[in-house]
Amino acid sequence: MVKPVIVRNLHGQVVQELGRLIVGGEIAPGANLPREELLAERMKVSRTALREAMKVLSAKGLIESRQKTGTRVRDIIHWNQLDADVLAWRCASMPTEDFVEKLVEMREVIEPAAAAAAARRRDAGQLARIETAYAAMAAATDLEAWSTADLAFHEAVLRATNNELMTSLFSVIETALGGYFQLSASIAGNFSYSLPHHKKVLDAIRRRQPEVARQTMQKMIADSRSNIRRNTRKA
């Protein structure tokens, strides 16, 4: 459901493997990791690559190293939950129902407000980017093309808020949101079933109708949640 992260170096591979094990619960909070030399041998990497990976995992709040006790997994409360990797690992390890409900809650907080702000503040270039993404959705002939365009549409709406704090959220939630859109489209009878909702959001932003944009985005999110629930039960 969530696309795997592509890594191109050894320490990045170690980060991904250990991160998934920790966040997925296979290495529990409070557990001590094996000694450096043993862990490096098990993972078939150099101790240098392992140390670099440990620095990254420590920065994400997942582990801590102490001189006498070694390296252990920290409690969940200390994890950087807004880190893109941590969020991706959590989404990948969640049951589908939990994944849907938590992503829907997040979308309900962010996206209706973003649509309203975009309707108030967007400029011509930002509107053109939303229109381009919508056109790509309308032209999509397969699920992959649809999901890519769908994600681009929502990113363009967030950027059109001209609120750099809100825009920065996209880089955090991109992987999870992309997985959500792909899931919603893949289990529907027609992957482009939500195109009319997107058209209404686009029209409201084009006409500078903030409240219409807000309400339409709320309806889109509610419809997506209903679609997933309905089709998941059928399966």
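The values are calculated or read from the model by the stated rules, or taken from the named source; none is laboratory data. Please read these numbers as outputs of a predicted model, since none were measured by experiment. Note that each Cβ is placed from the backbone with ideal geometry, even for glycine, and that neighbours are counted across all protein chains shown. What goes into the accessible areas is simple: the full protein's heavy atoms, side chains included, and nothing from ligands, DNA or RNA. Shrake-Rupley method; radii C 1.70, N 1.55, O 1.52, S 1.80 Å.
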Mind checking which residues of the range 43-58 are charged (D, E, K, R), at pLDDT 90 or above and farther than 9 Å from VAL14 by Cβ?
-> ARG47, ARG51, LYS55
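In the list ALA140, ALA149, which residue meets the criterion of being among the hydrophobic types (A, V, I, L, M, F, W, C) and more than 27 Å from ASP98 (Cα to Cα)?
Checking each option against the conditions leaves just ALA140.
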Inside the range 30-47, can you point out the residues that are open to solvent by 60 Å² or more (accessible area, probe 1.4 Å), assigned to a loop (DSSP other than H, G, I, E, B) and touching a strand residue (DSSP E or B) at 6+ places or on another chain (Cβ under 9 Å)?
-> ARG35
Across the range 81-129, the tally of residues that are of a type outside the set (Gly, Ala, Ser) and open to solvent by less than 40 Å² (accessible area, probe 1.4 Å) stands at 18
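Listed here are the residues, each with its yes/no results for (1) among the β-branched types (Val, Ile, Thr); (2) more than 20 Å from ILE110 (Cα to Cα); (3) under 20 Å from the mean Cα position of the chain (by Cα).
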| position | (1), (2), (3) |
| --- | --- |
| SER184 | no, no, yes |
| ALA188 | no, yes, no |
| ALA213 | no, no, no |
| ARG229 | no, yes, yes |
For the range 58-69, the count of residues that are open to solvent by less than 30 Å² (accessible area, probe 1.4 Å) and more than 24 Å from PHE170 (Cβ to Cβ) equals 1
